[in-house]
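The values are calculated or read from the model by the stated rules, or taken from the named source; none is laboratory data. Owing to the predicted nature of the structure, the values given are computational and were not obtained by experimental measurement. Quick reminder, even Gly has a Cβ in these numbers, built from the backbone with ideal geometry, and neighbours come from all protein chains shown. The area values use the complete protein model at the heavy-atom level, side chains included, leaving out ligands, DNA and RNA. Shrake-Rupley method; radii C 1.70, N 1.55, O 1.52, S 1.80 Å.
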Amino acid sequence: MNATSVGALLLCRAEPAVVRPAAHLLRERLLLVPAGPGWSVLVPEGKPWRDDGEPVDRVVAGWATALAVGVNWPVLALWWDADRAGYTLAAGFRRTVGYIWLADGTPVGEDEAMRTFTARLGLDPVLDLPALEPLTREDPEADSRDRLLAFAAYLSRAGVVLPVGLGPGEPADRLREVARVQPGAEQVEWAGWRDTVRAELDVVEDGPLGPWLRGPRARLAGAGQLAAGVPLTLWAARRHSAGWAFAGALLIAQGMLTLAYDRLRAGPCEVFTRSRRPRPRRPAGPAMSPAVRPAPRSRD
């Protein structure tokens, strides 16, 4: 791998319109491009691994985790630098799974990671898993880029179709140039909390999770995100890991948004009327007719 070739791709198992609101929350400049039926790819426009001095795999692992915990689709990060290359798969609150190849192509991951990977993407363990096994064996003719390219080609079994030129191993600048000219490409940039939250609520309400994120289930989901985000943020602060710290902060933010979802959609008037129970009324008695009304008593 070329020493200047450092980059990453984030593959999301969802259409761009669904990925866009979640990607806004990363607060990074990204390019969003379709990558096959039901798939999208996010291409970073910046180089936070260079600016923050943190390894590229940690940065994108934090991004993938932050994206996956708030949605119902997996996120697969492909990353590479001068010394290594690999992938990280994040899906919900599950532990991330990944694999690494050294620059000369030497595999340093566990075979179990490949089995877990195929299971979480819903691939056939009998027909699809054997195609990954050569990537876990020694091959003096293949370096880390060759390994990652072969892995990217394998993803076509799950429906991934990366545009030509938008492949692993390319420098970040080259990836941006290719992504910008792709049909349907769009720029994702932080627009402030108000617009981002409003866009996310619109997508969630129209999606399959809309009816689910109301009532007790919304409170349960929001509490779970907060319970996971707070300790993750504290752990990342102790480890000085910016990527995981951001993932924890995003978990906390999404938990708070989930808890507030029903109220924000109800509106202030409806929330106020919900908080006040109607006072029960007494049933009115039958009106008395003048004909049967008792006559006034005489003073005599």
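Scan the range 17-24 and tell me whether some residue there is surrounded by fewer than 19 Cβ atoms within 10 Å (Cβ to Cβ) and farther than 18 Å from Ala179 by Cβ. No, the conditions are met nowhere in the range 17-24. Scanning the range 120-137 for residues that are closer than 23 Å to Leu10 by Cβ, outside any helix (DSSP H, G or I) and touching a helix residue (DSSP H, G or I) at 6+ places or on another chain (Cβ under 7 Å) returns Leu121, Leu123, Asp128, Leu132.
Checking Arg58 against (1) assigned to a loop (DSSP other than H, G, I, E, B); (2) surrounded by fewer than 20 Cβ atoms within 10 Å (Cβ to Cβ), only one condition comes out false. Which one? Failing condition for Arg58: (1). On the stretch given as the range 138-184, residues that are among the charged types (D, E, K, R), under 17 Å from Tyr87 (Cα atoms) and either touching an Asp or Glu at 6+ places or on another chain (Cβ under 8 Å) or not in a loop (DSSP other than H, G, I, E, B) (or both) total 5.
Among the residues of the range 157-173, the ones that are free of Cβ contacts under 8 Å to residues at least 40 places away in the same chain and open to solvent by 40 Å² or more (accessible area, probe 1.4 Å) come to 3 in all. With respect to Arg29, determine if the residue is at pLDDT below 80 and either touching a strand residue (DSSP E or B) at 6+ places or on another chain (Cβ under 6 Å) or charged (D, E, K, R) (or both). It is false that Arg29 is at pLDDT below 80 and either touching a strand residue (DSSP E or B) at 6+ places or on another chain (Cβ under 6 Å) or charged (D, E, K, R) (or both). Exactly one condition in (1) open to solvent by less than 10 Å² (accessible area, probe 1.4 Å); (2) within 26 Å of Gly184 (Cα to Cα) is false for Pro34; which is it? Result: Pro34 fails condition (1) only. Put simply, of Leu132, Leu175, Leu149 the only residue that is closer than 20 Å to Val75 by Cα, under 22 Å from the mean Cα position of the chain (by Cα), of a type outside the set (D, E, K, R) and at pLDDT 90 or above is Leu175. Scanning the range 120-156 for residues that are touching a Pro at 6+ places or on another chain (Cβ under 6 Å) and open to solvent by less than 20 Å² (accessible area, probe 1.4 Å) turns up Leu148, Ala152.
Entry remark, the range 85-97: residues being modelled with pLDDT of 95 or more and open to solvent by 10 Å² or more (accessible area, probe 1.4 Å) number 1 in total. Under the condition of being assigned to a loop (DSSP other than H, G, I, E, B) and at pLDDT below 90, which residue from the range 98-119 is most open to solvent (accessible area, probe 1.4 Å)? Taking the candidates together, the pick is Glu110. Residues that are open to solvent by 10 Å² or more (accessible area, probe 1.4 Å) and at pLDDT below 90 within the range 64-78 comprise Thr65, Val69, Gly70, Val71, Asn72, listed in sequence order.
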